[in-house]
1. Every residue in the range 46-63 that is within 16 Å of LYS20 (Cβ to Cβ) and surrounded by 17 or more Cβ atoms within 10 Å (Cβ to Cβ), please.
2. Quick one: what pairs do we get from the range 56-77, first residue on the phi < 0 side of the Ramachandran plot, second at pLDDT 95 or above and among the charged types (D, E, K, R), C-beta under 8 Å, 6+ apart or different chains?
3. Kindly provide the set of residues from the range 53-76 that are of a type in the set (D, E, K, R) and not in a strand (DSSP E or B), ordered by number.
4. On the basis of being surrounded by 15 or more Cβ atoms within 10 Å (Cβ to Cβ) and over 24 Å from SER87 (Cβ atoms), does LEU28 make the cut?
5. Would you check if there is a residue in the range 1-12 being touching a helix residue (DSSP H, G or I) at 6+ places or on another chain (Cβ under 7 Å) and β-branched (Val, Ile, Thr)?
6. Modelled with pLDDT under 95, of a type outside the set (S, T, N, Q) and touching a strand residue (DSSP E or B) at 6+ places or on another chain (Cβ under 8 Å), is that true of ALA3?
Amino acid sequence: MGAVDFRVGGRIFATLASVKEGYGNLLLTPELQTEFIAERPDLFLPVFGGWGKGGATHIRLKEADEDSLRGALHAVWKLRVEKNKKSSKPASRPVSKSKVSKSAKK
């Protein structure tokens, strides 16, 4: 089973994929990541490698107070909603009619 993730419109905006290491993961833009880290370097750090360069950001769960966590989650949720509005591509493939009718007959 995969990590816990948080979605809007079928798209991920945050995960608990690194919870064993004490982190939550936020899918920010690189610009927002820079702002978050500058404001709270004790709380936020980039995910290692290419994901981090693209804006993926760890939040230290032990250090996070409710207001900081709520604010960070709201920011990434809002960012994902805005990206979803701009994207014309659906989040997942629709089920074909033939698959639906076959399963309905069973």
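The values are calculated or read from the model by the stated rules, or taken from the named source; none is laboratory data. Since the structure is predicted, the reported quantities are computational estimates derived from the model, not experimental observations. For neighbour counting, all protein chains shown are included, and Cβ atoms are generated from backbone atoms with ideal geometry for every residue, glycine included.
1. As a first pass, look at the range 46-63 and keep what is within 16 Å of LYS20 (Cβ to Cβ): 47-48, 58-62.
Residues satisfying the conditions are VAL47, HIS58, ILE59.
2. Cβ pairs passing all conditions: ARG60/ASP42; GLU63/ASP42; SER68/ARG40.
3. To start, the set of residues in the range 53-76 that are of a type in the set (D, E, K, R) comprises 53, 60, 62-63, 65-67, 70.
LYS53, LYS62, GLU63, ASP65, GLU66, ASP67, ARG70 - these are the residues of the range 53-76 that are of a type in the set (D, E, K, R) and not in a strand (DSSP E or B).
4. Numbers: surrounded by 15 or more Cβ atoms within 10 Å (Cβ to Cβ): yes; over 24 Å from SER87 (Cβ atoms): no.
Spelling it out, it is not the case that LEU28 is surrounded by 15 or more Cβ atoms within 10 Å (Cβ to Cβ) and over 24 Å from SER87 (Cβ atoms).
5. yes
6. Numbers: modelled with pLDDT under 95: yes; of a type outside the set (S, T, N, Q): yes; touching a strand residue (DSSP E or B) at 6+ places or on another chain (Cβ under 8 Å): yes.
So ALA3 fits the description; yes.
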